[in-house]
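Working notes, beginning with the structure itself.
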Amino acid sequence: MTKKEPLVSIVIPVYNGSNYLGKAIESALGQTYRNIEIIVVNDGSTDDGETEDIALSYGEQIRYYWKENGGVSTALNLAIKNMHGDYFSWLSHDDIYLPDKVAKEVKYISAIGRDAVIYSNYCFIDAESRFIREVNISEDEVAASFREALLMGAPIHGCTALVPRGALEYMGGFNEALRTTQDYDLWFRMSEKCDFLHIPEVLVQSRVHTEQGSLTLKSIVQKENESLYKMMLERFVSSGTMAGDAADFYLRAAIALYRRKGAPKASRMAMGIFLKNADTSEREAGNSEYFKAIEERCQESVSEVLRATHGRLDALGALVRVSIIYPDALKLRFFWGGIRKIIFSWDGA
């Protein structure tokens with residue numbers, strides 16, 4: 001740390017976010033830790049000045065920047081370039097910090113006496129700020145290797161993180177070519193050089209609503225996820241830094257990428273690496289376990305469609321999307337049974 005009470009830069013990137021921006025800014029202003037600056041970056045909003053009006057209404061309580069639209073990574077990098085703080089704290093315009101978020105993270109980093117990325121648990125809220133559920137990061141999931149957890153699970157929400165400025169600058173900030181995976185790309189690269197330490201408390205409310213990028217940019221999300229996980233696998237292959245047995249690691253990765261991450265292309269890549277590292281008996285057992293996981297995930301996807309859709313055409317369209325993401329579904333009788341149910345006996349329930 002550079003001083004006894006480090007300056008923390010809370011960075012809020014926003015694009016057409018007039019519906020929630022005020023709540024995010026209020027939660028930043030309401031932090032019990034007072035040595036903060038708040039930077040709002042308007043990423044070229046096209047809402048007739050509504051987002052800008054909200055930001056400007058806070059006057060000198062915040063620092064405000066406007067830029068041409070380029071995606072959240074470009075907005076974050078602009079803030080990093082202009083921030084005065086020793087630590088960076090990202091707050092999405094539709095999320096909310098609990099009042100002691102920054103205070104508890106600064107206290108934690110003060111206690112350990114060295115720089116690290118500090119992150120916490122979080123909870124989901126809906127469009128009306130009603131509680132949905134709590135997300136408690138599993139200590140077991142990150143205990144062996146945070147980098148492995150990034151590949152196979154979801155061990156960090158970017159808005160819970162407190163990041164040393166030096167680590168951001170060393171890594172060159174966020175990859176501006178990425179629209180939806182810029183956070184996990186940076187955390188993975190950063191975790192090669194910097195520790196990630198977890199506070200087992202909920203410090204952030206993450207809002208779920210129909211306008212968020214993960215829903216409006218689905219095709220980009222799928223493509224970037226596949227590329228991200230392939231990059232991670234390539235790094236593990238080149239570095240050989242996985243914990244434990246290599247064959248077991250790549251089999252677990254292949255299953256997790258298919259079942260938890262929805263990335264069948266990266267999953268097949270991991271399975272290919274597994275087969276190169278496994279002996280004959282491991283290959284037989286691994287193949288059986290892998291294809292069982294594929295079948296279970298495809299069945300879950302079909303079942304989700306049949307439960308969630310009501311119109312026949314909507315259901316057929318949803319199953320087509322399942323087959324695009326999970327082409328292995330086309331090999332399963334369960335999938336074609338779902339098609340027959342829709343065509344011949346669909347009751348809309």
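Worth pointing out:
- Test: residue in the range 186-196 that is surrounded by 15 or more Cβ atoms within 10 Å (Cβ to Cβ), assigned to a strand (DSSP E or B) and among the aromatic types (Phe, Trp, Tyr): yes
- So residue 138, is it under 30 Å from residue 258 (Cα atoms), of a type in the set (Ser, Thr, Tyr) and in contact with a helix residue (DSSP H, G or I) (Cβ under 9 Å, 6 or more places away or on another chain): yes
- Subset tally (residues that are of a type in the set (Gly, Ala, Ser) and in contact with a Lys or Arg (Cβ under 8 Å, 6 or more places away or on another chain)) for the range 225-266: 2
- Test for residue 140: is it among the charged types (D, E, K, R), surrounded by fewer than 20 Cβ atoms within 10 Å (Cβ to Cβ), closer than 22 Å to residue 155 by Cβ and in contact with an Asp or Glu (Cβ under 9 Å, 6 or more places away or on another chain): no
- Scanning the range 115-146 for residues that are in contact (Cβ under 8 Å) with a residue 60 or more places away in the chain and over 20 Å from residue 205 (Cβ atoms) yields 115, 116, 117, 139, 144, 145.
- Entry remark, the range 32-44: residues being surrounded by fewer than 21 Cβ atoms within 10 Å (Cβ to Cβ), on the phi < 0 side of the Ramachandran plot and not hydrophobic (A, V, I, L, M, F, W, C) number 5 in total.
Residues checked against (1) touching a strand residue (DSSP E or B) at 6+ places or on another chain (Cβ under 9 Å); (2) in a strand (DSSP E or B); (3) buried (at least 17 other Cβ atoms within 10 Å of the Cβ):
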position: 47; (1), (2), (3): no, no, no
position: 75; (1), (2), (3): yes, no, yes
position: 105; (1), (2), (3): yes, no, yes
position: 111; (1), (2), (3): no, no, no
position: 115; (1), (2), (3): yes, no, yes
position: 133; (1), (2), (3): yes, yes, no
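- Among the residues of the range 81-102, none qualifies, meaning not one is assigned to a strand (DSSP E or B), in the same structural domain as residue 163 (by TED's automatic domain parsing), over 18 Å from residue 163 (Cβ atoms) and without any contact (Cβ under 8 Å) to a residue 40 or more places away in the chain.
Residue by residue, here is whether (1) crowded, with 17+ Cβ neighbours inside 10 Å; (2) over 16 Å from residue 231 (Cα atoms); (3) of a type in the set (Ser, Thr, Tyr); (4) outside the structural domain of residue 232 (by TED's automatic domain parsing) holds:
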site	(1), (2), (3), (4)
264	yes, no, no, no
272	no, no, no, no
276	no, yes, no, no
279	no, yes, no, no
287	no, yes, no, no
292	no, yes, no, no
300	no, yes, no, no
303	no, yes, yes, no
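- Some residue of the range 289-306 being part of a helix (DSSP H, G or I), at pLDDT 90 or above and not hydrophobic (A, V, I, L, M, F, W, C): yes
The values are calculated or read from the model by the stated rules, or taken from the named source; none is laboratory data. Everything numeric here is computed off the predicted structure, so don't read it as measured data. No Cβ is skipped: glycine too gets one built from the backbone with ideal geometry, and neighbour counts run over all protein chains shown.
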